[in-house]
Amino acid sequence: MASYTLSSFIPLTVSNPRVFVSRQNGSPSSSSSPIPLTSLLGKKLLVTQPSRRCFVPKHRCLTSASTVFSVPTSQPENGSSDKLPKWSARAIKSLAMGELEARKLKYPNTGTEAILMGILVEGTSTAAKFLRGNGVTLFKVRDETISLLGKSDMYFFSPEHPPLTEPARKAIDWALDEKKKSGVDGELTTAYLLLGIWSQKGSAGRQILEKLGFNEDKAKAVAESMNEDVDLSFKKQSQ
């Protein structure tokens with residue numbers, strides 16, 4: 001499995017007020033020569049007045065900071081990146097929250113059970129709402145995970161980014177392949193991730209779902225809304 005980067009730009013406000021250092025006569029200085037000042041401890045400090053051409057205007061300026069997310073993909077080398085399914089923000093967050101849940105439990109890897117918990121932690125997707133509506137909650141999944149996989153040693157610390165287990169990688173591959181096969185425009189939603197977990201028979205995530213009453217009929221119900229998700233846009237809700 002390889003990875004590609006998904007970038008989003010977040011505007012940040014940066015302000016830098018003008019800095020003036022006055023000479024002893026009280027008039028502003030236009031030179032950049034060091035001016036000795038005396039601290040409260042009696043030691044001399046050298047402060048260099050910046051050149052006028054380095055001043056930032058009083059009005060605030062906007063700059064862009066790039067936030068880069070790396071998400072798994074299924075063999076992107078076989079095709080152009082334009083043909084790769086784009087991940088929805090909820091799917092990315094679910095995967096990130098799954099990794100965090102694995103770290104909380106001090107597990108060395110991020111498995112299907114952790115991704116399942118990540119979907120529930122994110123909580124706003126159609127898949128997460130469906131799970132909760134059918135009695136599959138975060139606390140139940142966490143308890144079943146500990147019961148199935150056990151507790152980690154108290155002195156063990158997970159890596160910063162616990163790698164995916166083999167079933168978790170296959171679950172994500174399944175989700176990506178199904179999205180490409182669907183031929184439907186749009187993003188890869190958390191429903192694809194949930195059904196990817198369900199597709200891995202014998203995996204921890206599948207066993208936990210079965211223990212909590214998830215079955216093939218419910219999987220078909222999720223499949224009906226695989227390309228849909230909850231729209232939290234205030235503008236669209238007001239229409």
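The table that follows gives values for the structure above.
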quantity: The listed residue being farther than 19 Å from Ser203 by Cα and either open to solvent by 60 Å² or more (accessible area, probe 1.4 Å) or touching a residue at least 40 places away in the same chain (Cβ under 8 Å) (or both), out of Ser147, Ser182; calculated: Ser182
quantity: Single unsatisfied condition, Pro162 versus (1) more than 21 Å from Ala223 (Cβ to Cβ); (2) of a type outside the set (Lys, Arg); (3) modelled with pLDDT of 95 or more; calculated: (3)
quantity: Exclusive hit being assigned to a helix (DSSP H, G or I) and modelled with pLDDT under 95, set Lys170, Lys181; calculated: Lys181
quantity: Pairs where the first residue, in segment 217-234, is modelled with pLDDT of 90 or more and the second is open to solvent by less than 40 Å² (accessible area, probe 1.4 Å), C-beta under 8 Å, 6+ apart; calculated: Ala219/Leu195; Ala219/Trp198; Val222/Ala127; Val222/Ala191; Val222/Leu194; Val222/Leu195; Ala223/Ala191; Ala223/Leu195
quantity: Single residue of segment 91-124 satisfying the filter (open to solvent by less than 50 Å² (accessible area, probe 1.4 Å) and among the polar types (S, T, N, Q)) that is nearest to Asp229 (Cα to Cα); calculated: Thr124
quantity: Verdict on Ser152 being among the polar types (S, T, N, Q), touching a Gly at 6+ places or on another chain (Cβ under 8 Å) and either assigned to a helix (DSSP H, G or I) or more than 21 Å from Glu224 (Cβ to Cβ) (or both); calculated: no
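Yes/no per residue for (1) open to solvent by less than 60 Å² (accessible area, probe 1.4 Å); (2) more than 29 Å from Lys83 (Cα to Cα); (3) in contact (Cβ under 8 Å) with a residue 40 or more places away in the chain; (4) of a type in the set (S, T, N, Q):
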{"site": "Val141", "(1), (2), (3), (4)": "yes, yes, yes, no"}
{"site": "Lys151", "(1), (2), (3), (4)": "no, yes, yes, no"}
{"site": "Phe156", "(1), (2), (3), (4)": "no, yes, yes, no"}
{"site": "Pro163", "(1), (2), (3), (4)": "no, no, yes, no"}
{"site": "Leu176", "(1), (2), (3), (4)": "yes, no, yes, no"}
{"site": "Ala191", "(1), (2), (3), (4)": "yes, no, yes, no"}
{"site": "Trp198", "(1), (2), (3), (4)": "yes, no, no, no"}
{"site": "Gln207", "(1), (2), (3), (4)": "no, yes, yes, yes"}
{"site": "Leu212", "(1), (2), (3), (4)": "yes, yes, yes, no"}
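The values are calculated or read from the model by the stated rules, or taken from the named source; none is laboratory data. As the structure is a prediction and not an experimental result, all values here were calculated from the model. Every residue, glycine as well, gets a Cβ built from its backbone with ideal geometry; the counts of neighbours run over all protein chains shown. In case anyone asks, the SASA skips ligands and DNA or RNA and just uses the protein heavy atoms, side chains included. Shrake-Rupley method; radii C 1.70, N 1.55, O 1.52, S 1.80 Å.
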